[in-house]
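Below is one structure; the comments refer to it alone.
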Amino acid sequence: EETTLGGHKIPRGALIIISPWIVHRHRSYWHHPDHFDPDRFERDDDPMTGAYMPFGIGPRVCAGASFSTVEATSVLAGVTRHYNFKAEKPEEVFPETGIALRSQSEIRCKLIKRSHMTH
Ligand code: HEM
């Protein structure tokens, strides 16, 4: 049925899409939203509940959230411990919307061995 959300009239049957990508870069919620600053999500400066929601929020929150966080952290830590990644053409990297956000094309990178490691 027709309703009102945040002052907006929503007609019956309307399709509503909530984009975490946009919410995570919204200037009403974040300082310097366009800067590459992944640490912003680590600092406790989430300005309001729901402004950071990579796994959704509420009763239907992602069932794999804890697993994915541990998996991604351990894979990234395992790889970046040995190599730095340098995109060959960073100016050609564009995000594309689908079920999940992804790169429009493959991102070719040079792997540079980190010299301070002994193995
Ligand atoms: C980085 C990886 C992942 C991301 C970013 C992600 C994100 C999400 C998001 C945004 C939702 C929708 C939440 C909502 O409706 O509000 C979701 C739902 C769900 N995810 Fe994930 N997910 C990831 C990995 C996984 C993995 C590895 C599993 C299983 C092992 C999983 C299982 C589920 C399930 C079962 C739901 C549906 C929950 C429900 O509707 O009750 N996800 N996920």
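Just so it is clear, none of the values below were taken in a lab; they were calculated from the coordinates. If you're wondering where the values come from, they're calculated on a predicted model, not measured in any experiment. All Cβ positions, glycine included, derive from the backbone under ideal geometry; neighbour counts span all protein chains shown.
Each Lys and Arg contributes +1 and each Asp and Glu -1, all at the Cβ; summed about the Cα centre of the range 1-61, the dipole is approximately 300 debye. The H on the amide N of TYR83, modeled in the peptide plane, is under 5 Å from the matching H of ARG114, each at least 5 residues off or on a different chain. Along the axis of the charge dipole computed for the range 1-61 (Cβ charges of +1 for Lys and Arg, -1 for Asp and Glu, origin at the Cα centre), the listed residues GLY7, SER28, GLY58 are led at the positive end by GLY7.
Considered as an equivalent ellipsoid built on the Cα gyration tensor, the chain has semi-axes of 34, 18, 15 Å, the largest given first. Axis angle, to the nearest 10 degrees, between helix 65-80 and the longest C-alpha principal axis of the chain: 30 degrees. Pairs of Lys residues in the chain, spaced 8 or more positions apart or belonging to different chains, with C-alpha separations under 22 angstrom: 4 in total.
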